[in-house]
Amino acid sequence: MLEFDPSADIQALRSTFGEIKAVVDVDALTAEIARLSNEAGAPDLWDDVEKAQKVTSALSHRQSELKRVTEVEQRLDDVEVLVELAQEMDDEDSAEEARREIADLEKVISQLEVQTLLDGEYDDRGAVVTIRSGAGGDDATDFAEMLMRMYLRWAERHKYSVKVMDTSFAEGAGIKSATFEVDAPYAYGTLSVEAGTHRLARISPFGSADKRQTSFAAVEVIPVMEEAQEVDIPEGDIRVDVFRSSGPGGQSVNTTDSAVRLTHLPTGIVVSMQNEKSQIQNRAAAMRVLQTRLMLLQKEEEAAKKKELAGTITASWGDQMRSYFLYGQQLVKDLRTGHEVGNPAVVFDGDLDGFIAAGIRWRKRKDDDD
């Protein structure tokens, strides 16, 4: 006789999922999709290309959000049918299939539950991620490229659309910096907990002494802002440099000088773009990113001033938010949450959901305490 009764597990999943649906507000989401669909169907939509792109992007994001919820609900119904079949037929194969599906649903519902904690002003937007190599020479530029691949693989696992906007290759190994956009609902809220300084410790593959090398890379995450009208940048505050796009080793990949670098002189913020087809497009994309960075910098300064006046200055994310150990005891450990994984290879291959979920929960607790 088959001993298989996961009814309590399924009931717990349904209970958690019910709470998620209440937060998501499926009825309101459905109404928003209907409104956006009506706008997207207007015959004159593409007369204003910028507005059309905003409408279609918003519609795609809302549809993806609803699809995730409805698919989980359908899977819960299906797994109950599978359990009944296994019990009625005394079928171990069906029971094993149900066990695997329940385990996977636990992961998916846990991810959805974490998403309900993303209630910041820009959390539901797409994200622009910039990775910069720090101290450590060739090891640091190689580490920066490892991190870039890690985030691209994470996005690929989730079937998120990614657009690489700029890459500055190092003379030796790896990259000096890279900027890419993740176009997905809540990409900013999700990836923003990855911002900070990442540290790699390993036996350097670039030295002959077989000594341990520590290197660093910085990750910056900002929301995608279609318009950043809140920040007015005087023309005299910006230096514009035009240069030729380059590939690995400095080889030219463009026949025209279409890449653009904007330097905001008062703050020293630098934004480069080279992956659009024209200089005008690269400059427009760089300006959007610069305006967003300045807007966020302004908000951070205002928040810091408020905390100072209130006498409750607290530590920020910290210079070393995560360490990757690739020698001796193989380990990746987040220094804020304590979450760790003993297999760095799977982390570098994009298995980041555990770290991200722990980071979001940690940030929520920190915000609540503040």
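The values are calculated or read from the model by the stated rules, or taken from the named source; none is laboratory data. Remember, it's a predicted structure, so these values are computed and weren't measured experimentally. Quick reminder, even Gly has a Cβ in these numbers, built from the backbone with ideal geometry, and neighbours come from all protein chains shown. The accessibility values were calculated without ligands, DNA or RNA, using every heavy atom of the protein model including side chains. Shrake-Rupley method; radii C 1.70, N 1.55, O 1.52, S 1.80 Å.
The stretch between residue 241 and residue 70, if pulled fully straight at 0.36 nm per residue, gains 56.7 nm over its current Cα-Cα span.
Rounded to the nearest 20 debye, the dipole magnitude of the chain is 2100 debye, with +1 charges on Lys and Arg beta carbons, -1 on Asp and Glu beta carbons, and the Cα centre as origin. Between residue 23 and residue 163, the simple spin-label model (points 7 angstrom out along Cα→Cβ) gives 3.0 nm. Over 26 Å apart at the Cα level, from the set 107/176; 107/159; 299/364; 176/299, are 107/176; 176/299. Note on the chain: with a GNM built from Cα contacts shorter than 10 Å, the maximum mean-square fluctuation among 150, 89, 273 falls on 89. The phi-based Karplus calculation (6.51 cos²θ - 1.76 cosθ + 1.60; θ = phi - 60°) puts the 3J(HN,Hα) values of segment 190-197 at 6, 7, 4, 6, 8, 5, x, 9 Hz, whole numbers, x for Gly and Pro. Ranked from largest, the principal axis spans of the Cα set of the chain equal 76, 66, 53 Å. For segment 1-74, rounded, prolate or oblate, judged on the Cα gyration tensor with a ≥ b ≥ c (square roots of eigenvalues), a/c < 1.5 rounded, else prolate if a/b > b/c? Prolate is the answer for segment 1-74, as a/c is 1.5 or above and a/b outweighs b/c. Surface composition of the chain: carbon and sulfur atoms hold 47% of the protein heavy-atom accessible area at a 1.4 Å probe. Projecting the Cα atoms of 46, 17, 60 onto the dipole axis of the chain, where Lys and Arg carry +1 and Asp and Glu carry -1 at the beta carbon, places 46 farthest toward the positive end.
Taking a straight Cα-Cα cut-off under 17 Å and skipping sequence neighbours fewer than 8 places away in the same chain, the aspartates and glutamates within cross-link reach of residue 211 are 138, 139, 142. About its Cα centre, segment 25-135 has a charge dipole of approximately 980 debye under the convention of +1 per Lys or Arg Cβ and -1 per Asp or Glu Cβ, with nothing else charged.
The dipole here belongs to segment 5-75: it is taken about the Cα centre, uses +1 on the Cβ of Lys and Arg and -1 on the Cβ of Asp and Glu, and is about 120 debye.
Of all aspartates and glutamates in the structure, the ones whose alpha carbon falls short of 16 Å from that of residue 51, not counting any fewer than 8 places away in one chain, are 39, 226, 227. Only helices enter this figure: runs of n ≥ 4 DSSP H residues, each worth -39500 (n - 2.57), summed and divided by the residues of the chain, yield -16500 deg cm²/dmol at 222 nm to the nearest 500.
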